[in-house]
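Peer 1: Provided herewith is a single structure, encoded as structure tokens, for subsequent inquiry.
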Amino acid sequence: MKKGLLLILFIFCFTLNPFSQVIFFSGDINSNTLWDADTVKITGNVSINSGATLAIAPGTVISLQGYYRITVLGAIIACGIENDSIIFTVQDTSLCYLEDTLAGGWDGIHLDSVSETNDSSIFKYCGIYYGKSFNNGGGIYLKYNNKVRFDHCTFFHNMCHWDGGGMVIEYSDCIIRNCEFYKNNGRAHGGGLCSYGGKPEFENNLFYMNFTWG
């Protein structure tokens with residue numbers, strides 16, 4: 001689907017941030033919102049609250065300007081297209097290789113205990129890069145959430161000191177298809193991905209050059 005047509009469909013349901021080269025944002029999202037820009041610069045923690053859905057247009061780069069987190073209590077629809085992905089990354093990656101500091105990374109996307117009354121979250125043709133955590137799930141932390149789908153997503157150079165360098169799944173029946181996990185580091189278990197509890201569905205995923213001690 002062309003980017004312009006996708007925006008026409010979104011505009012009927014979402015509060016539109018008018019197209020600009022750069023959007024700066026931090027704080028709460030309390031109503032349906034669309035981000036369509038070359039770059040969205042995140043300058044503080046972001047919370048998509050219950051009842052709200054954030055949609056992100058293809059080709060948008062979500063650039064965390066520091067060690068901030070995106071918390072999803074409602075829903076997120078991040079649907080890129082082939083050759084025009086949505087990228088989540090950190091602005092400064094210069095210390096990304098150091099394991100004893102959170103510098104060079106961001107605190108990932110957390111979808112924890114989302115109410116079933118909210119819409120499903122979808123990540124399609126997305127890149128999740130340089131997430132970093134001293135806890136679980138460097139790039140994605142998913143817990144008690146059965147309404148999340150990942151399709152054609154790339155998890156690169158995410159790191160955590162416990163489980164799931166790229167992603168951790170706890171007690172969730174999510175769907176992960178056609179995704180690529182490489183150069184992620186989970187120190188305890190699951191360099192690329194760690195899952196326990198629930199019945200996640202996996203299909204046609206590629207894992208390589210991930211690292212773990214467990």
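The values are calculated or read from the model by the stated rules, or taken from the named source; none is laboratory data. Computed from a prediction, not measured in an experiment: that's the story for all the values here. Every residue, glycine as well, gets a Cβ built from its backbone with ideal geometry; the counts of neighbours run over all protein chains shown.
Peer 1: Have a look at Val114, Val148 and point out the one that is surrounded by 17 or more Cβ atoms within 10 Å (Cβ to Cβ), modelled with pLDDT under 95 and within 26 Å of Ile175 (Cβ to Cβ).
Peer 2: The unique qualifying residue is Val114.
Peer 1: Ok, one more. Residue check: is Asn30 within 23 Å of Glu170 (Cα to Cα), surrounded by fewer than 19 Cβ atoms within 10 Å (Cβ to Cβ) and at pLDDT 95 or above?
Peer 2: Taking the combined requirement at face value, the residue does not satisfy it.
Peer 1: Are there any pairs with C-beta distances below 8 angstrom linking a residue in the stretch 28-45 that is more than 14 Å from Ile87 (Cβ to Cβ) to a residue that is among the basic types (Lys, Arg), with the two at least 6 apart or on different chains, and if so which?
Peer 2: Asn45/Arg69
Peer 1: Scan (1) crowded, with 21+ Cβ neighbours inside 10 Å; (2) in contact (Cβ under 8 Å) with a residue 40 or more places away in the chain; (3) at negative phi for the single condition His157 breaks and write down its number.
Peer 2: The one condition His157 does not meet is (3).
Peer 1: If Val22 passes every condition in (1) modelled with pLDDT under 90; (2) surrounded by fewer than 19 Cβ atoms within 10 Å (Cβ to Cβ) but one, which one does it miss?
Peer 2: All conditions pass for Val22, except number (1).
Peer 1: For Thr53, only one of the following conditions fails: (1) among the polar types (S, T, N, Q); (2) surrounded by fewer than 18 Cβ atoms within 10 Å (Cβ to Cβ); (3) modelled with pLDDT of 95 or more. What is its number?
Peer 2: Going through (1) among the polar types (S, T, N, Q); (2) surrounded by fewer than 18 Cβ atoms within 10 Å (Cβ to Cβ); (3) modelled with pLDDT of 95 or more one by one, Thr53 breaks only (2).
Peer 1: Okay, next question. Considering only the stretch 127-143, how many residues are of a type outside the set (Gly, Ala, Ser), more than 12 Å from the chain's Cα centre (by Cα), under 20 Å from Leu64 (Cβ atoms) and assigned to a strand (DSSP E or B)?
Peer 2: So the count comes out to 1.
Peer 1: Collect the residues in the stretch 169-199 that are surrounded by fewer than 19 Cβ atoms within 10 Å (Cβ to Cβ), closer than 27 Å to Ser120 by Cβ and out of contact with any Leu (no Cβ under 6 Å at 6 or more places or on another chain), keeping them in residue-number order.
Peer 2: Of everything in the stretch 169-199, those that are surrounded by fewer than 19 Cβ atoms within 10 Å (Cβ to Cβ), closer than 27 Å to Ser120 by Cβ and out of contact with any Leu (no Cβ under 6 Å at 6 or more places or on another chain) turn out to be Tyr171, Asp173, Ile175, Arg177, Asn178, Tyr182, Tyr196, Gly197, Gly198, Lys199.
Peer 1: Another question, then. In the stretch 165-198, how many residues are within 16 Å of Met209 (Cβ to Cβ), of a type in the set (Gly, Ala, Ser) and either in a loop (DSSP other than H, G, I, E, B) or modelled with pLDDT of 95 or more (or both)?
Peer 2: Number of matching residues: 5.
Peer 1: I'd like to check something: does the stretch 118-127 contain any residue that is touching an Asp or Glu at 6+ places or on another chain (Cβ under 6 Å), touching a residue at least 40 places away in the same chain (Cβ under 8 Å), buried (at least 19 other Cβ atoms within 10 Å of the Cβ) and among the polar types (S, T, N, Q)?
Peer 2: no
Peer 1: Here's a follow-up. Which pairs have Cβ atoms under 6 Å, sit 6 or more apart or on different chains, and link a residue in the stretch 174-189 that is of a type in the set (Ser, Thr, Tyr) to one that is assigned to a loop (DSSP other than H, G, I, E, B)?
Peer 2: What qualifies is Tyr182/Met209.
Peer 1: Sticking with this one: Which residue is farthest from Asn32 (Cα to Cα), if the candidates are limited to the stretch 59-103 and must be hydroxyl-bearing (Ser, Thr, Tyr), touching a residue at least 12 places away in the same chain (Cβ under 8 Å) and assigned to a loop (DSSP other than H, G, I, E, B)?
Peer 2: Ranking the qualifying residues of the stretch 59-103, first place goes to Thr93.
Peer 1: Follow-up. Kindly establish whether Lys124 is more than 11 Å from the chain's Cα centre (by Cα) and modelled with pLDDT of 90 or more.
Peer 2: no
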